[in-house]
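Have a look at the structure below, then the notes.
The values are calculated or read from the model by the stated rules, or taken from the named source; none is laboratory data. The structure presented is a predicted model; accordingly, all values stated were derived computationally and were not measured. Using ideal geometry, Cβ is built from the backbone for each residue, glycine included, and neighbour counts are taken over all protein chains shown.
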Amino acid sequence: MPNLSRSEKASKWINVILPMSLAGGLALIGILARTINTLGTNEVLTAAVADYTHRFAVGFERIFLEAVPFLLLGALAASVVEHYFSTAEVEKIFSKRLIPGIAAGLLTGVILPVGEGGSILLARALLRKGAALPSMVVMMLAAPALNVLPLAILLGSGGVSAVFWLRIGIGAVFAIIFGILLSFENQPERLIHGNSLHRHGSGIAQFKEAVSGNNQNRSKAVAVTTAKEFLEFTPYVIVAALIAAILQTILPVSWIPPVQGGLAGQIGSSGLWALLSSQSNLGDILTVQNSAISWPVVSQAVFLTLGIMLDAKLVVLYLRVLSRKAVFYMTVLAIGTAVLTGLVIGIQGMR
Amino acid sequence: MENKAPLKFSALALAILGLSLLQWLWDGKVADYTHPQLIFLLFPVGLICIILAQVLLSAAGKDRKTSSPPLTDAGEDLDRAPGKMDLGLLWLALPLVIGFLFP
């Protein structure tokens, strides 16, 4: 058996041994839980097992199933950019000039139906084609708040509250401010993940040249790239969903919003739940709308505003496009914005 | 000789994912997991996954039969920064295991 290098061993461990072990372990837990549910004689144990396994499964699958449609749309948009747009066109639209660049990013976030998660795939494809970083950051952050597809679904699902419009405003302002902050960086490539950096004369460009003029071939290439992008990002969503679902399961039930306590409790529980539940921008609103217990306004505001800016799944996906430093600043700024929103609304309500 | 196994494995992963999503829609299991208003988004996703799997399979076959430019974006892979590791497709087994085996 050939000796594997250190990176090959790490790759084998991350790509084969760890997922297979986790799948095997989860399969055992699932079968055991089903057996206890069916044959268990101890009512307390049976109820506890049923509760924990159900919470874990729902927590995990909700994140996964809500992310997948938008990842697929984002993969398709990224693939179209890859095969149908030239570097010059992308550089012209997503200009390095601040205001036109940010306006283009904001508009793309609104009109392209890529939503949360999908906008990250699209941003990476555009960055690789030479789009300016501030423009792409604005697009990535504004899409969950302003995108036309989730907006249409929400407006058609029976009305929305004032907090919904507040979150749209905060989401848009947050995206623009963060984009402007990043524009002060003299070497923006330091804030971009290595995989997302613009490269001249790439293999895909050569391929595009070779197949140009053959539309059938190009459509097929779009489909292949879509599949490839989708399959590259989906495992990261799964890892984030797994971690978030485990944390959701071990979180005390009393910490899950809507908590009816003081201001700190409301802000803390709804902020933590927004990060851990990692729902889509649509899922956040529907969770509040469909809840049997009414959510206090502060909890709603923190949950909905933080939910569109940041969650466990988004952090993992942002790390595929931006550097750790940029994601850290974004995390701090997003949490600060949500807490501030909660405090302002809470203090206003006390007067 | 170029190894087409990863492409075929990707096609298999997509097909299984698409069929599982459609199965969960068919037996109503997705209603346990997500909001009723979002369920309709999963039907096109399931179908598209199956279509993409078919395209990947045919691309793998075409690359083998002809000397035309490969549809597998091999060049794009070369552009990846060295030392950066992507997660493998076996991670896709997790949502399936949880969806099918957990109560």
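Remarks
- Checked against the criterion of being hydrophobic (A, V, I, L, M, F, W, C), in contact with a helix residue (DSSP H, G or I) (Cβ under 7 Å, 6 or more places away or on another chain) and either part of a helix (DSSP H, G or I) or over 30 Å from A:Arg218 (Cα atoms) (or both), the candidates A:Ile99, A:Ile153 yield just one match: A:Ile153.
- Across the stretch A:29-75, the number of residues qualifying as surrounded by fewer than 22 Cβ atoms within 10 Å (Cβ to Cβ), assigned to a helix (DSSP H, G or I) and not aromatic (Phe, Trp, Tyr) comes to 22.
- Among all residues of the stretch A:110-121, there is at least one that is under 30 Å from A:Val253 (Cβ atoms) and out of contact with any strand residue (DSSP E or B) (no Cβ under 7 Å at 6 or more places or on another chain).
- Any chance A:Lys96 is away from chain B (no Cβ under 14 Å) and in contact (Cβ under 8 Å) with a residue 24 or more places away in the chain: yes
- Test: residue in the stretch B:47-65 that is more than 7 Å from chain A (Cβ to nearest Cβ), within 13 Å of A:Glu61 (Cβ to Cβ) and either at pLDDT below 60 or surrounded by fewer than 20 Cβ atoms within 10 Å (Cβ to Cβ) (or both): no
- Subset tally (residues that are touching a residue at least 24 places away in the same chain (Cβ under 8 Å) and either more than 9 Å from chain A (Cβ to nearest Cβ) or part of a loop (DSSP other than H, G, I, E, B) (or both)) for the stretch B:1-46: 13
- Sole residue being of a type in the set (A, V, I, L, M) and more than 19 Å from A:Ala326 (Cβ to Cβ), chosen from A:Ala132, A:Ala125, A:Ala75: A:Ala75
- When the stretch A:116-150 is limited to residues that are modelled with pLDDT under 85 and part of a helix (DSSP H, G or I), the one that is surrounded by the fewest Cβ atoms within 10 Å (Cβ to Cβ) turns out to be A:Val148.
- Breaking point among (1) part of a helix (DSSP H, G or I); (2) under 20 Å from the mean Cα position of the chain (by Cα), for A:Pro113: (1)
- Residue in the stretch A:110-130 that is more than 14 Å from chain B (Cβ to nearest Cβ) and over 22 Å from A:Gln279 (Cα atoms) present: yes
- Positions within the stretch A:306-349 being small (Gly, Ala, Ser), under 19 Å from A:Pro296 (Cα atoms) and over 10 Å from the mean Cα position of the chain (by Cα), in sequence order: A:Ala338, A:Gly342, A:Gly346, A:Gly349
- In the stretch A:187-220, residue modelled with the lowest pLDDT [restricted to those that are over 20 Å from A:Arg124 (Cα atoms) and outside any helix (DSSP H, G or I)]: A:Ser212
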